[in-house]
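Below: the structure, in structure tokens.
The values are calculated or read from the model by the stated rules, or taken from the named source; none is laboratory data. Quantities reported herein were computed from a predicted structural model and do not represent experimental measurements. Here Cβ is always computed from backbone atoms with ideal geometry, including for glycine, and neighbour counts include all displayed protein chains. Only protein heavy atoms, including side chains, enter the accessible area calculation; ligands, DNA and RNA are left aside. Shrake-Rupley method; radii C 1.70, N 1.55, O 1.52, S 1.80 Å.
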Amino acid sequence: MMGQGRLAAWAVGLAALVALPFLYRDPYHLHILVLILIWSFAYTSWSMMGRFGLVSLGHGGFMGIGAYVTALLWNHLGWSPWIGIPISMVAAGALALIVGYPCFRFRITGHYFVLVTLALSGIVLQVITATRDYTGGSLGYTPNRATGNKLLALQFDDKTTWYLIALGVWLFGIVVWHWVDRSMARYALEAISEDEDAAAAAGVDVTAEKLKITLLSAVMTALAGAIYCQYQMFITPDTVSGIAVSLQMVFAAIVGGLFVSLGPTFGAVITILLAETLRIGFGTKAVGWDNLVYGVLLVLFIIFLPKGILGSLLDRLKPQRKVPRAHEQEAVQIARPGT
């Protein structure tokens, strides 16, 4: 019964989200919603690994690959984003395997794994910046405007169209999250996060399981970067790659709720609204302030609210099972025949 109620709630919520751009057409607010949905998908992609103790600071690199590879193939080779996006996802996946396999094979875990992924994110950022003749470097990069078929170029001027695309991508991320949550891989990864030796002794292929979830997370993050590039039509190394983007993903997922499917979405609402508030309120004077706020809040949430806002709220709303008192347990035992 509860499952049917939850399904009905999801159906009603999705129907409302689909109808929203047709009932409310304010361009600015639709723009904010599109950004929230795209970044929600990116944060959900990161949480695929993060919820199992695989803390990666390299996802800014995967997002940068998704954005820049798609744009470069379009500008220099004329390849449609419908071709460029899958190629960028394959490139991100290949990089994830190249970095992940030796880490998992030689059991580089914990702080050392974080440092390896941190270096990966920094390397991707430096490569994009250094190859400025092709990528525009720190000045940014703009995909060429389509002169013909906009669908082929995946370029649309209408906010409603982009909202529906972003909504579909976001929903895809939620579906994948639930698929992982209900799969046998979840139990294997939870066992690995608790004790790798015990999991291996029980027959779990530790390296393979870690590689699979890393590959899935990296490929999805690259997709988020490509969609962001196609929507904004302008990217810079700092906005789609690098350590700052990786830290933003960590912050949003933890603050929203790492172990709840909608937790990263809740985190995206906070990050996007915070960034917009600082931009509107302080302008160029507030450049970088959002990262400062992210860092302070991340420390506070890890200490005082480790399950995040949504995760903690759902815990409070769950009905608490009444534990019988000692004298009640004794009365039950006396009432039972043969005891």
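Laid out as a table, the results:
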| read-out | value |
| --- | --- |
| Members of the range 123-144 found to be closer than 15 Å to His59 by Cβ and open to solvent by 20 Å² or more (accessible area, probe 1.4 Å), listed by number | Ile123, Leu125 |
| Out of Ala200, Ala191, sole residue that is free of Cβ contacts under 8 Å to residues at least 12 places away in the same chain, of a type outside the set (Asp, Glu), open to solvent by 30 Å² or more (accessible area, probe 1.4 Å) and in a helix (DSSP H, G or I) | Ala200 |
| One residue from Ser56, Ser88, Ser40, Ser47 being polar (S, T, N, Q), outside any helix (DSSP H, G or I) and either modelled with pLDDT under 95 or crowded, with 23+ Cβ neighbours inside 10 Å (or both) | Ser56 |
| Qualifying residues in the range 120-144 (those that are touching a strand residue (DSSP E or B) at 6+ places or on another chain (Cβ under 9 Å) and not in a helix (DSSP H, G or I)) - the one farthest from Ile243 (Cα to Cα) | Pro143 |
| Which listed residue, of Ala226, Ala275, Ala244, is of a type in the set (Gly, Ala, Ser), assigned to a helix (DSSP H, G or I) and open to solvent by less than 10 Å² (accessible area, probe 1.4 Å) | Ala226 |
| Flag if Leu20 is of a type in the set (A, V, I, L, M) and touching a helix residue (DSSP H, G or I) at 6+ places or on another chain (Cβ under 6 Å) | no |
| First in the range 144-155 and over 16 Å from Met233 (Cβ atoms), second anywhere and outside any helix (DSSP H, G or I), Cβ under 7 Å, 6 or more apart | none |
